[in-house]
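Each reported figure results from applying straightforward, stated rules to the coordinates on display, with no laboratory input. None of the values given here were measured: they were computed from a predicted structure. Ideal geometry is used to build each Cβ from the backbone, glycine not excepted, and the neighbour counts take in all protein chains shown.
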Amino acid sequence: MTRSCAHVSIFSIRVHCSHFQAHPKYEFEYKVHDPHTGDIKEQKEHRDGDVVKGFYSLKEADGTTREVHYHSDKHSGFNAEVKKIGHAYHGHEYHGHGYP
């Protein structure tokens, strides 16, 4: 005996937008500091209408910190200033065949 099943859903959604606010506004931030994995980062951002401003930083694998400040709006587009803080540590050089 063979059975055949079919599930069909038909629906319609109607949205009335007479009270829609076209001016988005939000703020958020988060931080991670995990000494076990070395995962260290943070971000803050806020938006008011078409203007978004923010900042994030993270600890790179070479020991430096990347810091980015950004700004975006409909007139100037997206702009970011990126800084690298600290001195890179590269450890031992690899010469192949397991020799340091």
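Overview of values
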{"read-out": "Cα-based Rg / Dmax (Å) for the range 25-85", "value": "13.5, 43"}
{"read-out": "Reach of LYS59 by Cα under 21 Å, taken over lysines that are not fewer than 8 positions away in the same chain", "value": "LYS31, LYS41, LYS44, LYS83, LYS84"}
{"read-out": "Sorted peptide list for 22-30, 54-62, 70-78, criterion being average Cβ within 10 angstrom, highest first", "value": "54-62, 70-78, 22-30"}
